[in-house]
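K.L.:
Attaching a single structure in structure tokens format; questions to follow.
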Amino acid sequence: MAAARENNTEMVEPGVVAEPTPTARQGRSGTPLRAQVVGLIRDSILNFHYKPGQRLIERELIERFEVSRTTIREALRELTSEGLLQSIPQRGVVVVVPTPQDALEMYELRAALESLAARKFVERASDTQVAKLRAALDRLDVLISEGGSTLDVLRAKDVFYETLLSGCGNRAVHETLKGLQARISLLRATSLGRPGRLTAARDELHAVMSAIEARNAEAAARACGYHVEQAKRAGLEGLGTPVPSVPGLRRGQ
């Protein structure tokens, strides 16, 4: 990995966080070293190896991932821009601790945008795009039934949402929601880690899918709103802040 330390464009094999202390692996499969390190640190945050409020020390990251200080600093800057890390004067870079107010605001925005995306997907998506969305949900079903990790489920959900956003025909909604998903990724991991949440989330997405296949735009938007409301409840409960349901909001309503 010596060459990689001197040249940040060195290509390495993508890594997957499966152990408590993964390192960037050697190899050449097309993934830039910096991007791989960003992914490894991000996964370490989402699987709570690095916990909210924990300080990330450059020297330890350099030793753990076997890369240069420049690569680590670039990775930390990218994760800070995503909202997973924050720089605190006199303390350094730490994992973000989501506040209940931050969570509420982001979930409110997510609910509005996802509902709009679902409505526009019904109105604009081709039959091929609908079939692609169904295939993404089928892959998520298999992963959950096989006991996939929270990180794997998050990635599979991202494929579902990317398909939904690509077919909604609204570039501004697509770009805004993608940025928001990155910012709330820690809350998403917290939500899916709650008991029973994985299967509930799967059922909620099936309600969204059924409405889309029926070409019922309003039902799809309502189903998306219900899904985000339940995710919000689970996420806030994971932060120790339970919230009441929105009055009158029921599954698929």
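K.L.:
Taking the condition of being hydrophobic (A, V, I, L, M, F, W, C), buried (at least 17 other Cβ atoms within 10 Å of the Cβ) and at pLDDT below 95, how many residues in segment 42-64 meet it?
P.N.:
Within segment 42-64, residues that are hydrophobic (A, V, I, L, M, F, W, C), buried (at least 17 other Cβ atoms within 10 Å of the Cβ) and at pLDDT below 95 number 2.
K.L.:
Taking segment 73-112, which residues are out of contact with any helix residue (DSSP H, G or I) (no Cβ under 8 Å at 6 or more places or on another chain), outside any helix (DSSP H, G or I), open to solvent by 30 Å² or more (accessible area, probe 1.4 Å) and within 21 Å of R188 (Cβ to Cβ)?
P.N.:
Across segment 73-112, the qualifying residues are V97, T99.
K.L.:
Kindly indicate whether any position in segment 123-141 is at pLDDT 95 or above and either of a type in the set (V, I, T) or within 11 Å of the chain's Cα centre (by Cα) (or both).
P.N.:
Yes: segment 123-141 contains one or more residues that are at pLDDT 95 or above and either of a type in the set (V, I, T) or within 11 Å of the chain's Cα centre (by Cα) (or both).
K.L.:
While we're here: Here's a check for you: in segment 114-125, which residue that is closer than 13 Å to A223 by Cα and hydrophobic (A, V, I, L, M, F, W, C) is most open to solvent (accessible area, probe 1.4 Å)?
P.N.:
L116
K.L.:
Go through (1) at pLDDT below 95; (2) basic (K, R); (3) under 23 Å from A172 (Cα atoms) and name the single condition R91 misses.
P.N.:
Unmet for R91, out of (1) at pLDDT below 95; (2) basic (K, R); (3) under 23 Å from A172 (Cα atoms): (3).
K.L.:
Every residue in segment 151-191 that is over 10 Å from the mean Cα position of the chain (by Cα), polar (S, T, N, Q) and within 27 Å of L104 (Cβ to Cβ), please.
P.N.:
Scanning segment 151-191 gives N170, T176, T190, S191.
K.L.:
Continuing with the same structure: Go over the candidates D158, D152 one by one and state the one that is within 20 Å of R194 (Cβ to Cβ), open to solvent by 20 Å² or more (accessible area, probe 1.4 Å) and touching a residue at least 12 places away in the same chain (Cβ under 8 Å).
P.N.:
On inspection, the qualifying residue turns out to be D158.
The values are calculated or read from the model by the stated rules, or taken from the named source; none is laboratory data. Being a predicted model, the structure only gives us computed values, none of them experimental. Using ideal geometry, Cβ is built from the backbone for each residue, glycine included, and neighbour counts are taken over all protein chains shown. The area values use the complete protein model at the heavy-atom level, side chains included, leaving out ligands, DNA and RNA. Shrake-Rupley method; radii C 1.70, N 1.55, O 1.52, S 1.80 Å.
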